[in-house]
C-alpha cells in the first residue's frame with residue numbers, strides 16, 4: 001500500500017496520532033486489547049516462536065508479545081507507526097522487537113520462515129477482495145507448515161451499533177455511512193477532517209465472509225470468534241471492575257455463537273497452514 005492511493009487516506013487518519021493510545025485507558029488495556037490477547041493466547045504457538053505482526057501499528061501487541069518471549073517482527077505501511085513501534089521496542093531493550101515499513105501484500109520475509117502471522121489491521125484497510133486475498137496469501141507464503149494465521153476484520157454492523165451508542169445516527173451524514181456499510185461493507189467517511197472519529201476508508205466484513213477469505217487462501221481448521229462481544233457498547237464503564245468483569249463474561253459467553261458474532265466490533269479468524277509434520 002505504500003504506493004497505493006489508499007495510503008493517503010490512512011496517513012490522513014492515523015497521522016492524528018491517536019492510535020498509539022487507543023487500546024489503553026489510564027495505561028491499562030481496554031476491552032479490545034484484553035480480549036484479543038486472551039483469544040490469541042489459545043492459538044499462538046509457545047514462545048520463543050517467530051511471530052510476524054503485519055500491520056502492527058505503534059507496536060502495542062508486539063511489545064507485549066516480545067515481553068512474553070516471542071521473536072517478534074512488526075511491519076506496517078505507515079512510517080509514523082513504525083517510528084512509534086521502534087520507540088516502544090527501544091523502551092524495553094531486554095525484550096526488543098524489529099519494526100519496518102512494508103505493505104501487507106509484500107512482506108520481506110523468506111518463505112516458510114514464521115511460526116505465526118498476525119494481521120490485526122490490514123484486512124479492513126484493503127477494500128477489494130483481491131487485495132485481501134493477496135495479504136492472506138502472503139501470510140501463507142511466509143508461514144511454516146503447521147503455522148498459525150490470525151486475521152481480524154471489522155464487523156459489518158459496527159458503524160450502525162456505534163452510531164446507536166453514541167447518538168450519531170441522528171446525523172444524516174453518518175446514517176448514510178452506516179446504511180452503505182450494511183449494503184456492501186465499503187465504509188467511507190465523506191468528511192474525515194471534521195469527523196475523524198467516524199474512521200477512514202475501510203472494508204467491513206460479515207463473519208462468514210471473513211472465514212471464507214481465510215479458507216480460500218489455503219488455511220485449514222479456520223475458527224471465527226467475536227472479540228469484544230456486546231460489551232463494547234458500554235465501554236464508558238470499563239474502569240468499574242464489576243462492570244468490566246461483566247463485559248468480559250458476556251464476550252466469552254457468545255464469542256463462538258454464530259448468531260451473535262456480528263455484535264462484536266472486531267472479528268477474529270484463526271487458521272493453520274496445512275502440512276505440519278506429525279510426531280513419530
Order of 52, 142 from fewest to most other C-beta atoms within 10 Å?
142, 52
So how much slack lies between residue 111 and residue 245, counting 0.36 nm per residue of separation and subtracting their Cα-Cα distance, in nm?
44.0 nm
Arranged by the count of other C-beta atoms within 10 angstrom, fewest first, what order do 219, 43 take?
43, 219
Between 124, 70, 171, find the one with the highest GNM mean-square fluctuation for the chain; connect C-alpha pairs within less than 10 Å.
171
Please give the contour-minus-distance gain from residue 173 to residue 25: 0.36 nm per residue of separation, less the Cα-Cα distance, rounded to one decimal in nm.
50.3 nm
What percent does the relative contact order of segment 126-198 come to when contacts are Cα pairs within less than 8 Å and at least six residues apart?
20 percent
To the nearest 500 deg cm²/dmol, what mean residue ellipticity at 222 nm is calculated for the chain from DSSP H runs of n ≥ 4 alone, each contributing -39,500 (n - 2.57), summed and divided by the residues?
-11500 deg cm²/dmol
Given contacts defined as C-alpha pairs under 8 Å and at least six residues apart, what's the relative contact order of the chain, whole-number percent?
18 percent
Distance from a point 7 Å along Cα→Cβ of residue 208 to each backbone N in segment 140-160: keep the residues under 16 Å and list them by number.
156-157
Compactness ratio of segment 4-124: Cα Rg over 2.2 N^0.38 Å, N = residue count?
1.01
Rounded to the nearest Å, what's the spacing between the alpha carbon centres of segment 161-192 and segment 42-84? Just the number, please.
31 Å
Counting DSSP beta bridges with both partners in the chain, what percentage is antiparallel, nearest 5?
45 percent
Gained length - residue 234 relative to residue 11, 0.36 nm times residue gap less alpha-carbon distance:
77.4 nm
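Each value in this text was obtained by applying a stated rule to the coordinates, not by laboratory testing. Every value quoted in this text rests on a predicted model; they were computed, and no experiment measured them. Please note: Cβ atoms are built from the backbone with ideal geometry, for glycine as well, and neighbour counts cover all protein chains shown.
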